[in-house]
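J.: I'd like to ask some things about the structure below.
The values are calculated or read from the model by the stated rules, or taken from the named source; none is laboratory data. This structure is a prediction, so every number in the text was calculated from the model and none was measured. Ideal geometry is used to build each Cβ from the backbone, glycine not excepted, and the neighbour counts take in all protein chains shown.
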Protein chains: 2
Amino acid sequence: MQDKITSRVDYDSILDAYKRIQGHVHKTPVLTSTTINQMSGAKVFFKCENLQRTGSFKVRGAHNAVLSLSETDAKHGVVTHSSGNHAAALCLAARTRGIPAYIVMPLGSPETKIESVKRLGGIITFCEPTLVAREAEAESIRIRTQATLVHPYNDLRVIAGQGTAALELLEMHPDLDVIIAPVGGGGLFSGTVVAARGKNKLIRLIGAEPLGASDAFESLKYGKLVPSLSPKTIADGLRASLGQIAFDILRSNPIEIVTQSEQEIVAAMKSIFEILKLVIEPSAAVGVASLLNPELKLHGKKVGVILCGGNVDMDKLPW
Amino acid sequence: MQDKITSRVDYDSILDAYKRIQGHVHKTPVLTSTTINQMSGAKVFFKCENLQRTGSFKVRGAHNAVLSLSETDAKHGVVTHSSGNHAAALCLAARTRGIPAYIVMPLGSPETKIESVKRLGGIITFCEPTLVAREAEAESIRIRTQATLVHPYNDLRVIAGQGTAALELLEMHPDLDVIIAPVGGGGLFSGTVVAARGKNKLIRLIGAEPLGASDAFESLKYGKLVPSLSPKTIADGLRASLGQIAFDILRSNPIEIVTQSEQEIVAAMKSIFEILKLVIEPSAAVGVASLLNPELKLHGKKVGVILCGGNVDMDKLPW
């Protein structure tokens, strides 16, 4: 049962999350590059969540969720279905609290991700690689163990946690004109929107989405959730469809969604390796690609870009 | 002519250098990783000079040299011979002061490095790819233009500047037991030795060298400079032979030199990409490889590792 304070995501819930996760997650560095400023014409501040624990911002939301649980609920553990960054993040958060993390992973998940979850003490159940099977298996574990479901993005505590990345960025650079964050399930971007609006009502907020998985763009255009049925993008972290909570936040705030092609995503990813000397995953590159998108008219602006993660197979770099 | 203060590299000259280069170079972040701590058994602090301007620590020494020049000397500019990180660093430092940087580059230098020097306003002269030709060409330019030679490593001002990386690291983590830095020409490691001894007489200092270019190891063993005649290593930044000034510093201090194989260097490089999410060049990986060297007995120690640079061709990663 959710207590009153988490019945919606507001600025205060992000401030609360920030206090709660202190000491459990890194305060990631913000990097700048003269070369990228010259390329984009903007003054760019990269929030390096690729350097976050487990290699992505997901530990923010996972820790906020796990640390919010009552003692009674916590002792039964947490459960999620994810083959990606949220699974590792939830395992780490659960370990912090000494409680079990049940992870439902689709058969065929990459070996490195399975290893990562195992290393962090996750209790893995494999299932067929369909959303229906994943949800059914997680629900069955939830009933059997009384563990609390921590959804990767459609969860108030998770979204509040993800918003703390933008909060940190704005504490260091309060005069940003624009923040760009990638959009998949929408946890990071909707948290960013609430955090940024709470700090500065005038800040421009841009969600960056692959053209091959542009369900957030479509959903906002049609005013209803339009799921991504067969997403085609290298940005594996952004293949999920926008969640209901994120959708409600995005449609009630003045935001923009921009879409980028696969070619632009790969070129941006390589540029960040070459120029910033950072390993980022394709999902993080989507926001970087937007920097060079002339339609956004970022010239002369101070722009924050959230580099969401750095988990990528070094034997399969896409260039 | 050199003034008295730069007749040797001592702790004060490093403190002076640090004041001089403030605002011109980044204070680079120090990163940690639970996974790498587990792998090595040590508590490791990575000083990220790969995130430094121009992608390497070389801007520290170059700025110290250029900003030390008198107005009269400065107006004639600076000259060096380098196909690597020092060339770009010197161009940036010269641009800061609005003076010309003459760069002698061997024919066949990588196109990306030529482009980088050009972008930073360097005035390039190409020469035959031999040390004799490089030195002769630089000397000819020096005489013609009255520019000051800023050697990549055998220069007191350069070494003092390079020592500021360790100074910053020890300001953040004064209780380190060990510092590891790579050794090529020896500018970085000798500067590190002077800085660290000035802060803490008990700190253990380890220079990491490729087995295929182990001239520092040989030189200290035989008590005289033993040049690396045909270095065979992927660590292009460490192919230079130890300079006289660095040699004098190293042999008058209790230090260790450790050598690592090419296989160890490549594996360490890939691990840093995968785990720390950082792009490092092979030269930086040599020090990382030492972390896993059981002969060094680093278990339980607090170890600083200077990641010297991140300039590597993304189309030619060595795995």
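J.: Given the conditions (1) free of Cβ contacts under 8 Å to residues at least 24 places away in the same chain; (2) more than 14 Å from chain A (Cβ to nearest Cβ); (3) within 29 Å of A:SER33 (Cβ to Cβ), report the number of the one that B:ALA240 does not fulfil.
T.: (1)
J.: A follow-up question, please. If A:LYS270 meets every condition in (1) surrounded by fewer than 21 Cβ atoms within 10 Å (Cβ to Cβ); (2) touching a strand residue (DSSP E or B) at 6+ places or on another chain (Cβ under 9 Å); (3) not aliphatic (A, V, I, L, M) apart from one, which number is that one?
T.: (2)
J.: Residues B:PRO152, B:PRO106, B:PRO182: which one is touching a helix residue (DSSP H, G or I) at 6+ places or on another chain (Cβ under 8 Å) and surrounded by fewer than 22 Cβ atoms within 10 Å (Cβ to Cβ)?
T.: From the options B:PRO152, B:PRO106, B:PRO182, the qualifying one is B:PRO106.
J.: For the stretch B:95-112, what are the residues that are free of Cβ contacts under 8 Å to residues at least 60 places away in the same chain and not in a loop (DSSP other than H, G, I, E, B)?
T.: Of everything in the stretch B:95-112, those that are free of Cβ contacts under 8 Å to residues at least 60 places away in the same chain and not in a loop (DSSP other than H, G, I, E, B) turn out to be B:ARG95, B:ARG97, B:ALA101, B:TYR102, B:ILE103, B:VAL104, B:MET105, B:PRO106, B:GLU111.
J.: Of a type outside the set (A, V, I, L, M, F, W, C), modelled with pLDDT under 95 and not in a helix (DSSP H, G or I): which single residue out of A:PRO254, A:PRO231, A:PRO174 fits that description?
T.: Result: A:PRO231 is the single residue among A:PRO254, A:PRO231, A:PRO174 that is of a type outside the set (A, V, I, L, M, F, W, C), modelled with pLDDT under 95 and not in a helix (DSSP H, G or I).
J.: Turning to a different aspect of this structure: When the residues of the stretch B:11-44 are narrowed to those that are aliphatic (A, V, I, L, M) and not in a helix (DSSP H, G or I), which ends up farthest from the other protein chains (Cβ to nearest Cβ)?
T.: B:ALA42
J.: For the stretch B:283-319, name all the residues that are buried (at least 23 other Cβ atoms within 10 Å of the Cβ), in a helix (DSSP H, G or I) and within 14 Å of chain A (Cβ to nearest Cβ).
T.: B:SER283, B:ALA284, B:ALA285
J.: In the stretch B:135-149, how many residues are out of contact with any Lys or Arg (no Cβ under 8 Å at 6 or more places or on another chain) and surrounded by fewer than 20 Cβ atoms within 10 Å (Cβ to Cβ)?
T.: Within the stretch B:135-149, residues that are out of contact with any Lys or Arg (no Cβ under 8 Å at 6 or more places or on another chain) and surrounded by fewer than 20 Cβ atoms within 10 Å (Cβ to Cβ) number 9.
J.: Mind checking which pairs have a first residue in the stretch B:181-202 that is in the same structural domain as B:ALA235 (by TED's automatic domain parsing) and a second that is part of a helix (DSSP H, G or I) and of a type in the set (Ser, Thr, Tyr), Cβ under 6 Å, 6 or more apart or different chains?
T.: Partner pairs satisfying both residue conditions: B:ALA181/B:THR192; B:PRO182/B:SER283; B:GLY198/B:TYR11.
J.: Restricting to the stretch A:48-67, give me the number of residues that are within 13 Å of chain B (Cβ to nearest Cβ) and either within 30 Å of B:ARG119 (Cα to Cα) or not aliphatic (A, V, I, L, M) (or both).
T.: Number of matching residues: 10.
J.: Within the stretch A:45-94, restricting attention to residues that are outside any helix (DSSP H, G or I) and aliphatic (A, V, I, L, M), which residue is surrounded by the fewest Cβ atoms within 10 Å (Cβ to Cβ)?
T.: Taking the candidates together, the pick is A:LEU69.
J.: When only residues in the stretch B:189-220 that are of a type in the set (S, T, N, Q) and either part of a strand (DSSP E or B) or over 18 Å from the mean Cα position of the chain (by Cα) (or both) count, which is farthest from B:LEU242 (Cα to Cα)?
T.: Per the criteria, the residue is B:ASN200.
A quick yes/no check of all residues on (1) modelled with pLDDT under 95; (2) in contact with a Ser or Thr (Cβ under 8 Å, 6 or more places away or on another chain):
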residue: A:GLY198; (1), (2): no, no
residue: A:LEU205; (1), (2): no, yes
residue: A:ALA208; (1), (2): no, yes
residue: A:LYS224; (1), (2): no, no
residue: A:SER241; (1), (2): yes, yes
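J.: Is the stretch B:244-253 home to any residue that is more than 26 Å from A:LYS47 (Cβ to Cβ) and touching a strand residue (DSSP E or B) at 6+ places or on another chain (Cβ under 8 Å)?
T.: yes
J.: Any idea which of (1) in a helix (DSSP H, G or I); (2) surrounded by fewer than 18 Cβ atoms within 10 Å (Cβ to Cβ) is the one B:PRO129 doesn't satisfy?
T.: Only one criterion in (1) in a helix (DSSP H, G or I); (2) surrounded by fewer than 18 Cβ atoms within 10 Å (Cβ to Cβ) is unmet by B:PRO129, namely (1).
J.: Still on this structure, I have one more. For the structure I just gave you, tell me whether A:ASP248 is out of contact with any Gly (no Cβ under 9 Å at 6 or more places or on another chain), surrounded by fewer than 16 Cβ atoms within 10 Å (Cβ to Cβ) and either within 14 Å of another protein chain (Cβ to nearest Cβ) or within 20 Å of B:ILE280 (Cα to Cα) (or both).
T.: Taking the combined requirement at face value, the residue does not satisfy it.
J.: Something else: Hey, B:MET172 hits all of (1) touching a residue at least 40 places away in the same chain (Cβ under 8 Å); (2) surrounded by 15 or more Cβ atoms within 10 Å (Cβ to Cβ) but one; which does it fall short on?
T.: Checking B:MET172 against (1) touching a residue at least 40 places away in the same chain (Cβ under 8 Å); (2) surrounded by 15 or more Cβ atoms within 10 Å (Cβ to Cβ), the one that fails is (2).
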